[in-house]
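Chemist: Please see the structure below; I have some questions.
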Amino acid sequence: MNDVYNTLLLQGLGILCLLTFASAAELSDFVTPCKSADPELNECVRQAAQRLFEISAKGIPELNVPKLDPAVVPKLALERDGALTMNLELVNSTHHGLSGVKVKTASVDPHKNVYNFTVLIPHYVVAGQYDISGRVILLPITGHGSANITFIDTEGSWTFQGEREIRDGESFLKLTSLKTYISHDSPKNVRIHFDGLFGGNKVLGDTMNHFMNENWKEITKQLKPSVQASFDRRLLPVAQRFLANFPLKQLYADL
């Protein structure tokens, strides 16, 4: 009985310490706050965003922020028409690469709650179990097994829209939407490999993998809308959870 009591006591103390830390956390514990009137505001926000990507790679449990890299996506379904009349579903896929994001520029308007970042993701890997059926350009494709898709030097932008929210008498920035855009000439290369195509037929599988890698630009063009939407779904909740911990006066020292 004492062991049970001690275990519950320790668990309670642990939760209390976690909540105390989270409530006492300051934004300055993670990044340098900016000033909305600073002529170099965009550069200040760019540096803050870069720092946040680096420290959030492993997550920030005390702030209820899940890790970004790697991240496990339970289901990623891509359904496209056109050159790709193909259904692709990835289950429990692991995504690596967001910790390496380079925030190139920032353009912000804190009064309109709009934040735009141009970014470069040097190396982004999606690996997991897949099911695929349909056609790739003119060729039929079917199979299930392990997939690995690697994107090299992907450039684009993330645009966040937000609004002010009052909680306990203090103003917070609540992000309401995210729009991901992958540049038309990006990524610079994509490597694709699917095991188990055509029931494990190695000759047909190797031929299809070679064909997809030779035609990666057309394949990537068709898949971009689904990939962009997947970024929106993943990144917006993470940003929302982080910002929910800090009132606006901690984001901007002069607001």
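Chemist: Take the range 23-59 and flag every residue that is among the β-branched types (Val, Ile, Thr) and over 19 Å from His111 (Cα atoms).
Modeler: Val31, Thr32, Ile55
Chemist: It is to be established whether one or more residues within the range 28-39 are under 25 Å from Ile121 (Cβ atoms), aliphatic (A, V, I, L, M), at pLDDT 65 or above and out of contact with any Lys or Arg (no Cβ under 6 Å at 6 or more places or on another chain).
Modeler: No, there is no match, as no residue in the range 28-39 is under 25 Å from Ile121 (Cβ atoms), aliphatic (A, V, I, L, M), at pLDDT 65 or above and out of contact with any Lys or Arg (no Cβ under 6 Å at 6 or more places or on another chain).
Chemist: If you don't mind, another one. Which one of these does Thr176 not meet: (1) within 21 Å of the chain's Cα centre (by Cα); (2) exposed (fewer than 15 other Cβ atoms within 10 Å of the Cβ); (3) in a helix (DSSP H, G or I)?
Modeler: Among (1) within 21 Å of the chain's Cα centre (by Cα); (2) exposed (fewer than 15 other Cβ atoms within 10 Å of the Cβ); (3) in a helix (DSSP H, G or I), the lone unmet condition for Thr176 is (3).
Chemist: Hey, can you tell me all the residues within the range 107-122 that are out of contact with any Gly (no Cβ under 8 Å at 6 or more places or on another chain) and either closer than 15 Å to Glu89 by Cβ or of a type in the set (Ser, Thr, Tyr) (or both)?
Modeler: Hit for the range 107-122 is Ser107, nothing else.
Chemist: To continue, here is another question. Determine, yes or no, whether Lys58 is at pLDDT 90 or above and surrounded by fewer than 17 Cβ atoms within 10 Å (Cβ to Cβ).
Modeler: Numbers: at pLDDT 90 or above: no; surrounded by fewer than 17 Cβ atoms within 10 Å (Cβ to Cβ): yes.
So Lys58 does not fit the description; no.
Chemist: Test each condition in (1) in contact with a Gly (Cβ under 8 Å, 6 or more places away or on another chain); (2) not in a strand (DSSP E or B) for Val125 and report the one that comes out false.
Modeler: Result: Val125 fails condition (2) only.
Chemist: Of all residues in the range 148-173 being assigned to a strand (DSSP E or B) and among the small types (Gly, Ala, Ser), which is farthest from Leu27 (Cα to Cα)?
Modeler: Gly156
Chemist: Against the condition closer than 17 Å to Gln240 by Cα and modelled with pLDDT of 90 or more, how does Val114 come out, does it pass?
Modeler: Here the answer is yes, as Val114 does meet what is asked.
Chemist: Enumerate the helices (runs of 4 or more DSSP H) found wholly within the range 179-255, keeping only those where 3 or more residues are under 27 Å from Gly145 (Cα atoms), in contact (Cβ under 8 Å) with a residue 40 or more places away in the chain and in contact with a strand residue (DSSP E or B) (Cβ under 8 Å, 6 or more places away or on another chain).
Modeler: It comes to 202-214, 216-243.
Chemist: Here's a follow-up. Just give me the residues in the range 128-141 being of a type outside the set (Phe, Trp, Tyr), surrounded by 15 or more Cβ atoms within 10 Å (Cβ to Cβ) and assigned to a strand (DSSP E or B), in sequence order.
Modeler: The answer is Gly128, Gln129, Asp131, Ile132, Gly134, Val136, Ile141.
The values are calculated or read from the model by the stated rules, or taken from the named source; none is laboratory data. Please read all numbers here as calculations on a predicted model, not as lab measurements. Note that each Cβ is placed from the backbone with ideal geometry, even for glycine, and that neighbours are counted across all protein chains shown.
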